[in-house]
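Each remark here refers to the structure printed beneath this line.
The values are calculated or read from the model by the stated rules, or taken from the named source; none is laboratory data. It should be emphasised that the depicted structure is a prediction, and the values quoted were computed from it without experimental measurement. Cβ atoms come from the backbone with ideal geometry, glycine included; neighbour counts cover every protein chain shown. The protein model used for the area step is the full one, side chains on, heavy atoms only, and it has no ligands, DNA or RNA in it. Shrake-Rupley method; radii C 1.70, N 1.55, O 1.52, S 1.80 Å.
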Amino acid sequence: MKTNVTFPSAGLALAGLLFTPDDHTGEPLPAVVVSHPGGGVKEQTASIYAERLAREGYATLVFDAAYQGESEGEPRGLENPFQRSEDVRAAVTYLTTRDDIDPTRIGALGICASGGYVPFAAQTDHRIKAVATVSAVDIRSLLVEGLGRTQGPEVLQAMLDQAGALRTAEARGAAPAVQNWAPESPEGLEEAPTLYREAQDYYRTPRGGHANSTNEWPLRSIDQIAQFDPYAMIDLIAPRPLLMIIGSESDTGYFSREAIEKADEPKELFVIDGATHIALYDQDEYVTPAVAKLTGFFGEHLTA
């Protein structure tokens with residue numbers, strides 16, 4: 001069962017979808033907040049995981065981040081990691097107000113960039129009893145340092161110069177300058193990293209594309225992204241459990257490996273053989289074992 005919901009986050013109304021088991025008998029349910037990738041919306045991979053977990057007996061809440069999808073906020077597409085982490089906390093707060101949810105049994109799952117936002121929120125929000133990620137990414141490192149950390153510090157300084165100039169331009173009435181999350185066309189991507197080739201195939205084709213996923217983020221977001229370090233205090237999640245799922249062929253897997261090294265027990269890195277970063281978004285041969293692992297994880301740690 002799927003229900004449209006709205007809830008506030010720092011003064012902005014967020015649009016969400018609440019999935020519940022079809023055979024729900026009225027007892028308060030354990031729940032999982034599922035947060036979408038950067039550039040994504042709630043109807044894409046977040047809903048795939050939410051619907052599959054609902055079949056396993058969980059209430060699951062997906063939502064569009066502030067400034068994105070059907071949620072409020074200007075400029076459109078703004079990627080503010082601190083707001084996005086606050087959105088996760090706001091989703092938890094919303095669930096705790098519902099009579100059909102057990103407020104003592106709430107977990108959270110972050111996919112891609114939300115694999116940074118969810119652990120960051122959980123470090124200080126003890127209401128999140130179990131933390132999981134799929135294909136986690138540190139958005140600051142990805143956008144500032146580049147995939148594989150190939151960009152030097154001078155790149156950041158140039159980006160910050162640009163961000164300041166763009167803020168001034170917007171204040172004078174200019175439209176926000178934007179950049180694409182994923183390439184619009186596959187042309188010229190033959191030698192590009194797997195992540196970028198797959199992102200184009202997922203977001204910009206009928207495979208995963210959605211009208212609300214505009215593929216744009218305002219470049220001035222970088223002066224907020226640059227200060228965000230999702231895993232610096234990841235040890236604060238303990239003694240609550242942490243599960244991070246990656247594909248063996250993912251070119252972003254190093255983010256999860258390094259985060260797990262920094263985290264305290266209980267923690268687990270689960271590797272799905274043959275999967276790439278985006279194959280874990282929607283390919284059934286990889287999503288199925290990921291959901292099975294998540295079902296067992298939340299089943300163990302969101303107990304009554």
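For Lys293, a cut-off of 17 angstrom between C-alpha atoms picks up these lysines, skipping any fewer than 8 places away in its own chain: Lys129, Lys267.
Setting aside same-chain residues fewer than 8 positions from Lys262, which lysines have a Cα under 17 Å from its Cα? By straight Cα distance, Lys262 reaches no lysines at all. Note on the range 15-94 and the range 235-300: Cα centroid distance 19 Å, given to the nearest whole angstrom.
Only Cα pairs under 8 Å and 6+ residues apart enter the sum, and on that basis the relative contact order of the chain stands at 19 percent. Listed values for the range 223-238 are Karplus-derived 3J(HN,Hα) couplings in whole Hz (6.51 cos²θ - 1.76 cosθ + 1.60, θ = phi - 60°), namely 6, 9, 4, 4, 8, 9, 10, x, 10, 4, 10, 5, 4, 5, 5, 4, and x replaces Gly and Pro. Given R0 = 30 Å, the distance between the Cβ atoms of Ser185 and Glu72 translates into a calculated FRET efficiency of 0.45. Counting only protein heavy atoms and using a 1.4 Å probe, the accessible area of Lys129 comes to about 70 Å². Projecting label points 7 angstrom from Cα along Cα→Cβ for Asp229 and Arg98 puts them 3.6 nm apart.
Which percent, nearest 5, of DSSP beta bridges in the chain are antiparallel?
Details: 15 of 42 bridges.
Here the antiparallel bridges make up roughly 35 percent for the chain.
Grab the Cα-Cα distance for Thr288 and Ser248, subtract it from 0.36 nm times how many residues apart they are, and report the gain in nm with one decimal. Could you put the intermediate results ahead of the total?
Details: separation 40, 0.36 × 40 = 14.40 nm, distance 1.54 nm.
Between Thr288 and Ser248, full extension yields an extra 12.9 nm.
Computed extension length for Ala158-His210: 15.5 nm, one decimal, from 0.36 nm per residue of separation with the Cα-Cα distance subtracted. Taking a point 7 Å out from the Cα of Ala175 in the direction of its Cβ, the residues of the range 63-78 whose backbone N falls within less than 13 Å of it are 76.
Annotation: for a label point projected 7 angstrom from Cα along Cα→Cβ of Glu300, residues of the range 127-146 with backbone N closer than 17 Å are 129-134. Taking the helices alone, the chain has a mean residue ellipticity at 222 nm of -10500 deg cm²/dmol, built from -39,500 (n - 2.57) per DSSP H run of at least 4 residues and averaged over all its residues. Mind listing the long-range amide H neighbours of Thr133? Cut-off is under 5 Å, sequence gap 5 or more, other chains count too, H placed in the peptide plane at 1.01 Å from N. HN-HN under 5 Å from Thr133: Gly110, Leu243, Met244, Ile245.
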